[in-house]
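Enquirer: Got a structure here, written out as structure tokens. Questions coming.
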Amino acid sequence: MTIHAEHPFSSPEPDRDPVRRLRGRLGGAVSLWTCGDEAGGRAGLTVSSLVVAPGDPGLVLGLLDPDSDLVDVLQRTGTAVVQLLHWAHRDLADAFAGVAPAPGGPFRLASWEATAWGPLLVGVTAWAGVRFEGAPTAVGWSTLVTCRVEHVGLLEEGAGAEPLVHRRGRYRRPD
């Protein structure tokens, strides 16, 4: 077994997209988008490229992987849960990102509560129930979706609620 200084699957330096590298240096909170139900099928995706825009109504704009099941299920159901993950959720985040094994699927790795918008991860302290608006738009290598915020759930952030942050391809603890 060899330990690499860099990610073993990253592109060689000259082939790396400079815009994507710039975005990676911004860093951001890791969210988990989930939608659907057990009867009709559920989907989820780890997303760190999102914007929460306050206003009336408030909006959440997300850049999603166009090959993910999430885009299809979101269009079918029209709703989703956008939840902010904690440091303790990093293995779950990898499973939903498709970079870690999840025997039986990533939803089997945690406890979920059914909401009007989709499955909610038990124990998160910040989440939004959102309704999909318009049509998805291709933006570079992603699909841009716009969702209207219908509900916000905020709980007290006690011990263990340290946010999960993603920067330059790695999870980090906020300084």
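Enquirer: Just the residues that are surrounded by fewer than 18 Cβ atoms within 10 Å (Cβ to Cβ) and β-branched (V, I, T), please, taken from the range 147-157.
Expert: Once the filter is applied, which keeps residues that are surrounded by fewer than 18 Cβ atoms within 10 Å (Cβ to Cβ) and β-branched (V, I, T), the range 147-157 yields only V152.
Enquirer: Of all the residues that make up the range 60-70, how many are surrounded by fewer than 17 Cβ atoms within 10 Å (Cβ to Cβ) and part of a strand (DSSP E or B)?
Expert: Total meeting the criteria: 1.
Enquirer: Follow-up question, since we're still on this one. Within the group E38, E113, which residue is charged (D, E, K, R) and modelled with pLDDT of 95 or more?
Expert: E113
Enquirer: With L59, L154, L109, L70 as the choices, which residue is under 13 Å from the mean Cα position of the chain (by Cα), among the aliphatic types (A, V, I, L, M) and on the phi < 0 side of the Ramachandran plot?
Expert: Unique residue meeting the criteria: L70.
Enquirer: When residues of the range 143-175 are filtered for being touching a Gly at 6+ places or on another chain (Cβ under 9 Å) and in a strand (DSSP E or B), how many remain?
Expert: Of the residues in the range 143-175, 15 are touching a Gly at 6+ places or on another chain (Cβ under 9 Å) and in a strand (DSSP E or B).
Enquirer: Only residues that are more than 17 Å from W141 (Cβ to Cβ) and polar (S, T, N, Q): list them for the range 25-63, please.
Expert: Within the range 25-63, S31, T34 meet the criteria.
Enquirer: Restricting the search to the range 122-141, which residues are exposed (fewer than 15 other Cβ atoms within 10 Å of the Cβ) and out of contact with any strand residue (DSSP E or B) (no Cβ under 7 Å at 6 or more places or on another chain)? Show your work before the answer.
Expert: First pass over the range 122-141, keeping only residues exposed (fewer than 15 other Cβ atoms within 10 Å of the Cβ): 122, 133-135, 137-141.
The answer is A135, A138, G140, W141.
Enquirer: Further, regarding this structure: Suppose we filter A102, A110, A135, A97 for residues that are of a type outside the set (D, E) and within 24 Å of L155 (Cα to Cα); which single one remains?
Expert: A110
Enquirer: List every residue pair whose Cβ atoms sit under 8 Å apart, with the two residues 6 or more apart in sequence or on different chains, where the first one lies in the range 74-94 and is touching a residue at least 60 places away in the same chain (Cβ under 8 Å) and the second, anywhere, is part of a helix (DSSP H, G or I).
Expert: A80/L70; A80/L74; L85/L92; L85/A93; L92/P106; L92/L109
Enquirer: Can I ask one more? If you check R173, R167, which single one turns out to be in contact with a helix residue (DSSP H, G or I) (Cβ under 9 Å, 6 or more places away or on another chain) and either among the polar types (S, T, N, Q) or exposed (fewer than 11 other Cβ atoms within 10 Å of the Cβ) (or both)?
Expert: R173
Table: residues versus (1) farther than 19 Å from G28 by Cα; (2) free of Cβ contacts under 8 Å to residues at least 40 places away in the same chain; (3) acidic (D, E).
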position	(1), (2), (3)
R131	yes, no, no
G140	yes, no, no
L155	yes, yes, no
P163	no, no, no
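The values are calculated or read from the model by the stated rules, or taken from the named source; none is laboratory data. Since this is a predicted model, take the numbers as computed values, not measurements. Quick reminder, even Gly has a Cβ in these numbers, built from the backbone with ideal geometry, and neighbours come from all protein chains shown.
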